[in-house]
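The values are calculated or read from the model by the stated rules, or taken from the named source; none is laboratory data. Source: prediction; values computed, not measured. Here the Cβ positions follow ideal geometry from the backbone for every residue, glycine too, while neighbour counts run over all protein chains shown. Quick note on the areas: whole protein, heavy atoms, side chains included, nothing else; ligands and nucleic acids left out. Shrake-Rupley method; radii C 1.70, N 1.55, O 1.52, S 1.80 Å.
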Amino acid sequence: MSTKAPSAPAQVQTSSPQWLQALLLLAPAGIWLALLLVIPTLLIFQLSLVPDIKPGDIVNPSGLDNYLRIFQPDVLKVIGRSLLFAIGTTLLCLLMGFPVAYWIALLSPKRWRNLLLLAFVLPLWTSSLLRSYAWISILRPTGVLNTLLTSLHLPTLDLLNRSPAVLIGMTYSLLPYMVLILYASLEKLDRRFLEAAADLGATPPQAFWKVTVPQTLPGIAAGSLLVFITGLGDFINPELLGGTSSMTAARLIYNQFLGATQNWGFGSALSMVLILAVSLAIALLIKYGDKNASSL
Amino acid sequence: MSQTATQNQQATDTHVGFDVELRKVFKVFNGDTVVRGVDLSIRRGEFFSILGPSGCGKTTTLRLIAGFETPSAGDVLIRGQSMLNVPPYRRPANTVFQNYALFSHLTVWENVAFGLRIKKCRKSETQERVKEALKLVKMDGFANRFPAQLSGGQQQRVALARALINRPTVVLLDEPLGALDLKLRKEMQVELSNLHQELGVTFVLVTHDQEEALSLSDRIAVMVEGKVEQIGTPSQIYDRPQTPFVADFIGDTNLFRGKIEGAHPTMLWIITDRGLKMKVQPTDASGLPLTSGAVVVSVRPEKVNVSFSPPDDAINCFEGRLKHVMYLGTHVHYVVQLRSGDQLTVRQPNALNVPDSDTPIYLHWGADDCLALPE
Amino acid sequence: MNHMADFLTRSLHASRSRRRFLQTSIAGLSSMALSSCGWTLAKVQTDQVRRGAADELHIYTWSNYVDQDLIDAFRSQTGIKVISDVFDSNEMMLATFQAGKAGTYSIIYPSDYKVSQMVQLGYLSELDHSRLDGLRNILPRFQQSVHDPGNRFSVPVSWGTTGLIYNSEKLTEPPTDWDYLWKHKDKLTRRLTLMDDFREVMGATLRSLGYSYNATDPQQIKQAYEKLQELKPAITTFTTDAWRDQLLAGDLTIAMGYSADAVNVMNQNPKLKYVIPASGTSLWSDTMVIPKTAPNPEAAYAWMDFMLEPDVAARVTERLFFATPNEAAFNQLPDNLKNNVTLFPPHNLLDRSETLAPLDKPILELYEKYWTKLTSS
């Protein structure tokens, strides 16, 4: 940015406040990120290298034992279950959320849209714990669902304390996020694209798959990622609805920090692995999103 | 499938000869009547324009043909078949949209191939036809670009190729050149005209640009407030407007309100509201011969003659003073104020020896150089 | 269709959630719960406290221990104003304490096992027994807790047991011991819940094998794990408090839980019974401690002394339904409470029971390893 021209003093005068301005604008977010994201992550990483650390201990990085423990079959099984719940929830949210978001964004009367969205987001205002307890009430053997099924002379379902109940609870918790993000994406969809597709001979389903879905792909990816990440961290739903075999990675981490064993090192190692997995997912999204953005 | 449909239509439309027909079509949006009983018959292979000011219902009319809107009343026919229950994706019409609506997630090649891929065309045939279509619009070098990487004119060409590749019965163009700058617009007009001649397909163009409509079209429908004011060839529309609106909207004109004082099969005597007495030769174009009542006399600026001394035995001769001079390159416009108070625009090919504003000048025109239009 | 209302009134009841189990409830929830039980709602104060005001005492306690009458009585006796904040789990309490609230409270109510940890961390001040006259009224059993022998740092205020709560209508033969679960496991398929606490569950299993709740022999621990695996088809889930609704509704037959929770549900449905397994169970207690950082230790001693008064302790038992470790207070209780075996089980049964003792880290990790195995398979 340096100039050799005689006008240099003037340049300095204007460029100095410019970098100062940039610094001032970026500083709050930068400090925030450093304090609340970068430093804690580094601390967790440091802790993850320490075997047998207790609260209050002096930290001495020394090894990868904590990481090796992750490869025990039981721990791998736990991580696998977490991934399964998170992926299953993501797929269910996508399957159920897309039609809803589509309907609200493209088909519902315009003046009702905000109200419909609000209605859909309303459950988010209650405690997630309360929602899980509500599902216990609904799904238990003599609960609301089975009372209804019996009155319709249908066979009852024993869902509570099994994996389907976890998926139901998690999908219910995360569906509003998916719908909101998909709505934002679908709302921006240029309707002339749909007309153009119809004009070129595409039936509504063909137009949906060849235009609507590709056009909203960034939204689909963002919504899926959010649901996946949040689902990966959820332990309330698996815990309350999943029965005896419901240990998830998040719960295992919780146990290491706030449970009886207090193994912060292993908990940190496990956290690092999850952070890495999630970062990888985000990196893929950014890469993918970029490719898509270049065409916009 | 579309081929058999075309064959079936063959029998019915040989005596009709129309590709698109609108019969007493109405369209109401939320209690607002946008199209009011439009009747149109567009001939096979014709370049037909719908011309009108914004909000006149011309785009809605086009969308009714494409099938994006369904008429509130009336019927839309393509090749003699009612389209009332035919969704847009089954109509043998393709549209070039205003601002093109090119799929942003697809390349130029994929955009053009879209229609063929939907129809599950064979790969080799698709390849060939896309190549051909891109060549036709001179875009063969841009197949792998995305629409965002193209200029407006290039996008326009791709949109054209995309609409033409399905070999539609009729191509609908919704203000296709509106977003281009003047020079590019002129170029594209020429290309559109060439394409139309080359392909022989029916074109229906919606535009608010009278010059565009006049230069490109075989026939023009002038619309205002949801109604068709007049349908005719460019010269009919320009030289023989049937309503004061058309006369005023197409080109420049001078209008005088008045009423008929005397009628003869070959001459009308009219006195304007400001007391000017005019002789006008009646035309048959206006349907029923005018014999009485309120009329508007229209005189095109280029039909008005100017002289500096009172001409002998000239009819429709009025004295005035020169108010303004507008030099327009190929010609000059003079604004002249008559003693009656009326202002006239006069067009002359060359600059006159301009008199000052105190010198009387005399304007006159022949009885066959002006029109009397029913009010 | 009364399910929703049922659910709201029942499962919102403040849980006696005092142990190591996953504590998911939030402060708002327990406040709601309190108001629905009719207890006075404690005002949760989060802002900075005026430190050292001589006439103010800040206590940090369990939501269900807050009793405005008691606070008023203390104020009229001493002139000290009590401000109480509540927590839902020992872990939350400690985290809050460590996160900068150490200088706020003069009295904290940790559970027994948390006391030993807080002592280890050096947070607690040693009590001056000469100022706590009422300490001699505490039952010997609770004077010699493994977590704080001789009450050097803590004063026990309440205690309880772990046992089985069952629906007497659904069982022809009522359970008497832990073994019952294994014997009838086929009939109990998916009708049994155990607590979401590996020390309690593994401990009970160890006890049923004839070992200690605090076994340290890896072989014994492994054996207990294998025995638990056998029972797994019968267990529908591990939960410390979410069983209430389902037990009341008849979806469950037996639930393992704390005596205090048992009292709660038995009040709602007399068909539900509580049994302490004959081979013994775990005993827990909650205590009062004074942190080293206490801004007002004088008032803290006054509060402890007040709470140790027999008639005050008896009143707490009557009003809050917690067993008191105060012998003099027990003697003052009406007969129906004295004879309530859920609250006060017979002495021979207590003699066979144990407190969950702190274990060495490698042993604790072994327990945890088997627990992870059990809950991940």
Can you list residues from other chains, or at least 5 along the same chain, whose modelled amide H is less than 5 Å from the amide H of residue C:354? C:281, C:282, C:283
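As an exercise, use a Förster radius of 30 Å and the Cβ-Cβ distance of residue B:218 and residue B:179 to find the FRET efficiency, rounded to the nearest 0.05. The partial results should precede the final answer.
Details: r = 25 Å, r/R0 = 0.82.
Taking R0 as 30 Å, the efficiency between residue B:218 and residue B:179 is 0.75.
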Using Cα pairs under 8 angstrom and six or more residues apart, how large is the relative contact order of chain C, in percent? 23 percent
Out of residues 5 or more away from residue B:172 or on other chains, whose amide H comes under 5 Å of its own, with H placed 1.01 Å from N in the peptide plane? B:94, B:95, B:96, B:204
Output wanted: per-residue J couplings in Hz (rounded whole) for region C:200-208, from phi through Karplus 6.51 cos²θ - 1.76 cosθ + 1.60, θ = phi - 60°, x for Gly and Pro. 5, 6, 5, x, 4, 5, 4, 4, 5
In whole Hz, with x marking every Gly and Pro, tabulate ³J(HN,Hα) for region C:166-177 from phi via Karplus 6.51 cos²θ - 1.76 cosθ + 1.60, θ = phi - 60°. 9, 8, 5, 6, 8, 10, 6, 10, x, x, 10, 9
Check residue B:74: other-chain or 5+ apart residues with amide H under 5 Å from its amide H, H built from backbone geometry? B:26
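By how many nm would the segment from residue B:313 to residue B:148 lengthen if fully extended, with 0.36 nm per residue of separation less the alpha-carbon distance?
Working: separation 165, 0.36 × 165 = 59.40 nm, distance 6.64 nm.
Net length gain for the segment: 52.8 nm.
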Report the full-extension gain for the segment residue B:358 to residue B:264: residue separation times 0.36 nm, less the Cα-Cα distance, to one decimal in nm. 30.0 nm
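What do you get for Rg/Rh over chain B if you use C-alpha atoms and the Kirkwood form of Rh? Walk me through the numbers before you get to the answer.
On the way: Rg = 24.9 Å, Rh = 23.3 Å.
For chain B, the value is 1.07.
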Using label points projected 7 Å from each Cα along Cα→Cβ, tell me how many nm separate residue B:123 and residue C:133, to one decimal. 10.0 nm
Over the protein assembly as shown, with neighbouring protein chains present, the accessible area per residue in Å² at probe 1.4 Å is 45 Å²
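Share of antiparallel DSSP beta bridges in the protein assembly as shown, in percent to the nearest 5? Mind dumping the intermediate values first?
Values: 83 of 117 bridges.
Here the antiparallel bridges make up roughly 70 percent for the protein assembly as shown.
Run lengths n ≥ 4 of DSSP H only: what is the helix-derived mean residue ellipticity at 222 nm for chain C, with -39500 (n - 2.57) per run over all residues, to the nearest 500? Walk me through the intermediate numbers first.
Values: 17 runs with 153 residues, N = 377.
Only helices count here, giving -11500 deg cm²/dmol.
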Pop out the carbon and sulfur fraction of the accessible area of region A:72-293 as a percent, whole number, probe 1.4 Å. 74 percent
Once phi for every residue in region B:325-336 is put through the Karplus expression 6.51 cos²θ - 1.76 cosθ + 1.60 (θ = phi - 60°), the whole-Hz ³J(HN,Hα) values, with Gly and Pro written as x, are 10, 10, 8, 10, x, 6, 8, 10, 9, 10, 9, 10
Sort all Cα-Cα distances of region A:72-293 into consecutive 10 angstrom bins from zero, then give the percent of pairs in each bin up to the one containing the longest distance. 8, 26, 30, 23, 11, 2, 0
Hey, if you put +1 on the Cβ of every Lys and Arg and -1 on every Asp and Glu Cβ in region C:275-339, which of C:334, C:282, C:316 ends up farthest toward the positive end of that dipole? C:282
So if I take the centroid of the Cα atoms in region B:206-223 and the same for region C:149-164, what is the distance between those two points in Å? 96 Å
Per 5 angstrom bin, beginning at 0 and ending with the bin that holds the maximum distance, the Cα pairs of region C:76-124 fall in percents of 5, 17, 30, 24, 10, 9, 5, 0
Give me Rg/Rg_expected for the protein assembly as shown, where Rg uses Cα atoms only and Rg_expected = 2.2 N^0.38 Å with N residues. 1.44
Whole-number percent relative contact order across region A:72-293, with pairs defined as alpha carbons under 8 Å at least 6 apart: 28 percent
What shape does region C:160-300 take by its C-alpha gyration tensor, where a ≥ b ≥ c are the square roots of the eigenvalues and a/c under 1.5 counts as rounded, a/b above b/c as prolate, and the rest as oblate? oblate
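Report the FRET efficiency, 1/(1 + (r/R0)^6), for residue B:82 and residue A:106, where r is their Cβ-Cβ distance and R0 is 41 Å, rounded to 0.05. Intermediate values should be presented prior to the final figure.
Working: r = 28 Å, r/R0 = 0.69.
The formula returns an efficiency of 0.90 here.
Just need the Rg to Rh number for region B:252-374, please, alpha carbons only, Kirkwood Rh. Don't skip to the answer; put the middle values down first.
On the way: Rg = 14.7 Å, Rh = 14.9 Å.
With Rh from the inverse mean 1/r over Cα pairs, Rg/Rh is 0.99.
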Cross-link table C:183/C:227; C:170/C:271; B:186/B:303; B:27/B:227, entries beyond 18 Å C-alpha to C-alpha: B:186/B:303
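As a test of the definition: with a 1.4 Å probe, what buried accessible area, both sides summed, do you compute for B against A, in Å² to the nearest 100?
Details: alone 18690 and 18370 Å², together 34980 Å².
Heavy-atom accessible area buried at this interface is about 2100 Å².
Report the charge-dipole magnitude of region A:72-293 in Debye, nearest 20, computed about the Cα centre from +1 at each Lys and Arg Cβ and -1 at each Asp and Glu Cβ. All intermediate terms of the calculation are to be shown ahead of the outcome.
Values: 15 positive and 9 negative charges, 49 e Å.
Computed charge dipole of region A:72-293: roughly 240 debye.
Ignoring everything except DSSP H segments at least 4 long, calculate the 222 nm mean residue ellipticity for chain B; use -39,500 (n - 2.57) per segment, divide by total residues, nearest 500.
Numbers: 9 runs with 96 residues, N = 375.
Result for chain B, helices only: -7500 deg cm²/dmol.
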Spacing of the two label points (7 Å from each Cα toward its C-beta) at residue C:267 and residue A:209, in nm: 6.2 nm
Can you give the accessible area of residue C:173 in Å² (nearest 10), computed on protein heavy atoms with a 1.4 Å probe? 100 Å²
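Let me have the 222 nm mean residue ellipticity of chain A computed from DSSP H runs of 4+ only, each contributing -39500 (n - 2.57), with the sum over all residues rounded to the nearest 500.
After summing the helix terms and dividing by residue count, I get -22000 deg cm²/dmol.
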Once B:317, B:56 are ranked on solvent-accessible area with the largest value leading and a 1.4 Å probe, the list reads B:317, B:56
Heads up, I need the accessible area for residue C:184: 1.4 angstrom probe, whole protein in place, Å², nearest 10. 30 Å²
For residue A:275 paired with residue A:21, estimate the spin-label separation in nm (one decimal), with each label point 7 Å from Cα along the Cα-to-Cβ line. 3.6 nm
